[in-house]
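The values are calculated or read from the model by the stated rules, or taken from the named source; none is laboratory data. All figures in this text were calculated on a predicted structure; none of them were measured in a lab. Here the Cβ positions follow ideal geometry from the backbone for every residue, glycine too, while neighbour counts run over all protein chains shown. The area values use the complete protein model at the heavy-atom level, side chains included, leaving out ligands, DNA and RNA. Shrake-Rupley method; radii C 1.70, N 1.55, O 1.52, S 1.80 Å.
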Amino acid sequence: MKKITTYSTIALTALLLVSGCSKTVHTEEEEAHHHAKHWGYTGDVAPSHWSELNKKFNMCSEGKQQSPINVVATKDVELPALDLNYTTGSETIIDNGHTVQINIADGSVLNIDGAKYKLKQFHFHTPSENNINGKKFPLEAHFVHATDDGKLAVVAVMFKEGAENPVLAKIWKKFPTLKEKEGTAVKCGLTSDEVKALMPTNKDYYKFTGSLTTPPCSEQVKWHVYKTPLTVSKEQAEKFTALFGHPNNRPIQDTNKRVIEE
Ligand SMILES: [Zn+2]
């Protein structure tokens, strides 16, 4: 999962730079940008080092409800269907150096216990971050939602190897442009129906509390992982990994006896 504010500031910084603002002015956005670039998935900025890179990342090592996890249900509770009301399409797509993120136009909502979580963006990890009953998948999508006061909810979708996914194909077509203009947003052109098609028709899911899977690893994130995977072709999964040159999944974290409902 990604830190929304950081990425919107990256986009803002990119816009400022494009519009001719001087690089030598150290704005807060540039600081955020600098820090956001200062963690990764390999070498001395790999996940095991995240908490050493910035004091603000301390939860990455000290947290007790971290994500991702191996999802194994501990409690059968007849969960209600997710109250998703996606009515808007994509705004922009960005390669932020950690993942490919599709920003969603305002108006799509996930209602949880009377609170309105707005769909902000979705992005991908190869291979999957969460496992389901010990099984890892070639690709996982995270749909990131936030309330106006900053509470977070993620809906995760797994992709197993199989037929090419047509919506992913449309997104993947943008990869060459993203490489050319790394860090800047380009139009993506997905409709709300295409966004909804990235979720399975079988709506059974697991529910648990976790964290952002990227620094600052903040907790109290409401996780919902669909049980039924969609398909991604081998070529599509490989093309995503090739974009970054390495996997972008944080290792599995301890559940610390967390309740996982199904
Ligand atoms: Zn994610």
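Assorted remarks:
- Radius 9 Å from Cβ of Asp76, net charge of other residues (Lys, Arg +1; Asp, Glu -1): -2
- The chain, accessible area per residue, ligands and nucleic acids excluded (1.4 Å, Å²): 46 Å²
- Amide H partners (placed H, <5 Å) of Lys120, local residues excluded: Val144, His145, Ala146
- Simple Cβ-charge dipole of region 4-244, Lys/Arg +1 and Asp/Glu -1, about Cα centre, in debye nearest 20: 340 debye
- Within the listed set Asp113, Asp204, Asp76, the Gaussian network model of the chain (springs between alpha-carbon atoms below 10 Å) gives the highest mean-square fluctuation for Asp113.
- Charge tally for Thr209 (other residues, Cβ to Cβ under 11 Å; Lys, Arg +1; Asp, Glu -1): +2.
- Taking a ≥ b ≥ c as the square roots of the eigenvalues of the Cα gyration tensor, the chain is classed as rounded, since a/c falls below 1.5.
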